[in-house]
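The values are calculated or read from the model by the stated rules, or taken from the named source; none is laboratory data. It should be emphasised that the depicted structure is a prediction, and the values quoted were computed from it without experimental measurement. Every residue, glycine as well, gets a Cβ built from its backbone with ideal geometry; the counts of neighbours run over all protein chains shown.
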Amino acid sequence: MRKYLRIFFALSKRAVTSLFPRLAVNRNIDNYGIYISRLKNKNGLEIGGPSNIFRENDILPVYPFIANLDDYSFNRPVEHRGRLLREGFTYEYSKYKKKGYQYIGDAVDLAQIADNTYDFVMGSHISEHIANLFKAFGEWLRVLKDGGAILLVIPHKDGTFDHRRPVTPIGHLIEDYRNDTKEDNLSHLEEVLSLTDIDRDPFVPDIDFLITRSKNNSSIRAMHHHVFDTSLVVSIFDYFKLQILALDQVMPHHIIILGEKVSGKRSVDNSLFTGRNAAYRNTSPFPSDRLKHGA
């Protein structure tokens, strides 16, 4: 049974893009045009790329519209990435585009990049792998120009092997920042090992593999430190005074959010996305989002 469950969840991750790519783009991403409008012909930085979800004919194909894209990634071992990164103009995110600059380092420290460099910052399924997420956010916003956009795709717990774990309180993320939590932190290890549903993770053959990989997370960076639902993601953007421009929730496990770094004294109003009556609660495909409606 476990074997068939693994096959099912592995296929479900690819079903939207492999079987019906055009259907996925046209029907599942309500705000697709908004995402494109903020990235088209702009210069940006990706964290932890390249990402399949951004490729042509995938769920959110923004790569074809970007003018230039650099990348900032941690150099994981070959057996976990498949290749070693080389710093320089080696970042290939599209065969139709000029290679961008490949930076190597931690997402919480972009010291190689000057303030206000990029028109946008983007990343897919990288937030959960960062121990000190708010420190990373501070760096991403530092290198982002005023008026620039940040586009993130973050896994919703309901659709992942984290579905048994509790959503991380925003206060915990704040404390991680105040305590200067390091990226080798393993404070969530016990929770990961006891509550991860390995039947939903096609990359984890058994619990022994998960234990070994998690204990070596400082070099592998595969562990999910924190667990997200849509409410937490919205709260993070609101905390950093990012004006939310678009929000989509796409099966099997994607929260897609776009925010603007507001310049000057312009106020931020995210009331459409916050609170018990937020519109997304009526349309979310994820049960835990809907259950909170009216609670």
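Results, tabulated for the structure shown:
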read-out: Close pairs (8 angstrom Cβ cut-off, 6 or more residues apart or separate chains): under 18 Å from residue 280 (Cα atoms) and basic (Lys, Arg) in the stretch 25-36, at pLDDT below 60 and part of a helix (DSSP H, G or I) anywhere; value: none
read-out: Among (1) surrounded by fewer than 20 Cβ atoms within 10 Å (Cβ to Cβ); (2) among the β-branched types (Val, Ile, Thr); (3) over 30 Å from residue 145 (Cα atoms); (4) out of contact with any Pro (no Cβ under 8 Å at 6 or more places or on another chain) - the single one residue 196 does not satisfy; value: (1)
read-out: Some residue of the stretch 44-52 being modelled with pLDDT of 50 or more and either polar (S, T, N, Q) or loosely packed, with under 14 Cβ neighbours inside 10 Å (or both); value: yes
read-out: Subset of the stretch 155-172 (residues that are touching a His at 6+ places or on another chain (Cβ under 7 Å) and not charged (D, E, K, R)); value: 155, 156, 159, 160, 168
read-out: Meets criteria (within 22 Å of residue 122 (Cα to Cα), in contact (Cβ under 8 Å) with a residue 40 or more places away in the chain and touching a His at 6+ places or on another chain (Cβ under 7 Å)) for residue 220; value: yes
read-out: Qualifying residue in the stretch 201-216 (condition: buried (at least 21 other Cβ atoms within 10 Å of the Cβ) and in contact with a Phe, Trp or Tyr (Cβ under 7 Å, 6 or more places away or on another chain)); value: no
read-out: Qualifying positions in the stretch 141-152 - buried (at least 22 other Cβ atoms within 10 Å of the Cβ) and either more than 18 Å from residue 247 (Cβ to Cβ) or over 15 Å from the mean Cα position of the chain (by Cα) (or both); value: 144, 148
read-out: Helices (runs of 4 or more DSSP H) wholly inside the stretch 159-277 that include at least 1 residues being at pLDDT 95 or above; value: 170-178, 189-195, 230-239
read-out: Tally of residues being surrounded by fewer than 23 Cβ atoms within 10 Å (Cβ to Cβ), touching a residue at least 40 places away in the same chain (Cβ under 8 Å) and of a type outside the set (Val, Ile, Thr) across the stretch 255-265; value: 4
read-out: Test: residue 170 is in contact with a strand residue (DSSP E or B) (Cβ under 6 Å, 6 or more places away or on another chain) and under 14 Å from residue 127 (Cα atoms); value: no
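Rundown of residues vs (1) β-branched (Val, Ile, Thr); (2) modelled with pLDDT of 95 or more; (3) surrounded by 17 or more Cβ atoms within 10 Å (Cβ to Cβ); (4) more than 25 Å from residue 175 (Cα to Cα), yes/no style:
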position: 64; (1), (2), (3), (4): no, yes, no, yes
position: 69; (1), (2), (3), (4): no, yes, yes, yes
position: 90; (1), (2), (3), (4): yes, yes, no, yes
position: 99; (1), (2), (3), (4): no, yes, no, yes
position: 102; (1), (2), (3), (4): no, yes, yes, yes
position: 121; (1), (2), (3), (4): yes, yes, yes, no
position: 126; (1), (2), (3), (4): yes, yes, yes, no
position: 154; (1), (2), (3), (4): yes, yes, yes, no
